[in-house]
1. Pull up the cross-link candidates among the lysines for Lys83, meaning alpha carbon to alpha carbon under 24 Å and not fewer than 8 places away within one chain.
2. What does the highest-first list of 189-196, 209-216, 168-175 look like by mean Cβ count within 10 Å?
3. With a/c under 1.5 counting as rounded, go ahead and sort the stretch 12-94 into rounded, prolate or oblate using the C-alpha gyration tensor (a ≥ b ≥ c being the square roots of the eigenvalues; past the cut-off, prolate if a/b is larger than b/c, else oblate).
4. Where does each of 65-77, 261-273, 98-110 land if you order them by average Cβ count within 10 Å, highest first?
Amino acid sequence: MSDSEEEEQVSVLIVVPSAPGPSTPLTESYTYHSPKPTAPGPYMLGVDEAGRGPVLGPLVYGVAYCPVAYKDQLEELGFADSKTLTHEIRSSLLETLSSDPSNLAWSVEVLWYASPLSLTSLEHLLTNHFLSSSSYLFPSQDATIHLIRTVIASGIHLSEVYVDALGSTDKYQSYLSSLFPGIEFTVTQKADSKFKIVGAASVAAKVTRDACIEGWYFEEDKPTTEGEPVESKWSKGLGSGYPSDPNTVRWLKGAVDPVFGFPKLVRFSWTTVKVLLDKEARGVKWTDEGQATLVKAFESGSGLDKDRSAVTRDLHLSSVSVL
């Protein structure tokens, strides 16, 4: 990492109030809200996410909102799809989003239940057909609904909501409209490039997620019995967390443990991770696959061992009626 990159990383960790501290492990979902704006309504709100595709880290949903009358000023602030902006510009735009608290506000929800291990578990359920593919949208919908409800509960009068979404959007739009009558919903793909308020939400979500990754504190690094911190087993050069990032791929290759795989930060079901585990980690043979051996162990014996399973015989267990 160059000196300029290190300086940028430090600055991000300092200025992002919605991210955990550098010594705080991410162990549960949480929501951050900027101060409530005071300008009269009605308000418009945008929704977007960051972190659906990466191989590392959590999924983050963000909203941004401002008075409808503030729309012209918003158009001039430079908000856009965060993926098209540099790291530095995104960080600057988050400061812009916080610079006019009477008109501009934002919130993020960092989803721990949709974080690496849970996303891996969900992917496993989908792959093995225990869940329909539509179930994959539930965490995203829940986060969106929760953030909108929280804004309304704070006393903000929303009249327009714009949501960036994948796939078919008509049913999702109708569903949100039924939950929040009186609010005009627009649910569409690429909303972050079509509506500035969604671009602002995109920036809030992306900068928060970047700060989570850059300041990641590994939960597995347990302090000593005296409470002293220990040197991490893993380097901090995580990159962006996307499988296309050479820094992320390099970190993954150096982080794999031949027995335990990766820390919780990593989404085990992603192809990049599976390939590395197949190549670098030890193979595991499940001797009780299908539970045939387990079932046999509890079957009744014959002859002198009648009514006794292999487990009770091997452990020298007897019925209390015999004792």
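Derivation of every value follows stated rules applied to the coordinates shown; laboratory data play no part. As the structure is a computational prediction, the values presented were derived from the model and not from experiment. Ideal geometry is used to build each Cβ from the backbone, glycine not excepted, and the neighbour counts take in all protein chains shown.
1. Straight-distance partners of Lys83: Lys71, Lys190, Lys194, Lys196, Lys206, Lys236.
2. 209-216, 189-196, 168-175
3. The shape class here is prolate.
4. My ranking of the peptides, most packed first, is 98-110, 261-273, 65-77.
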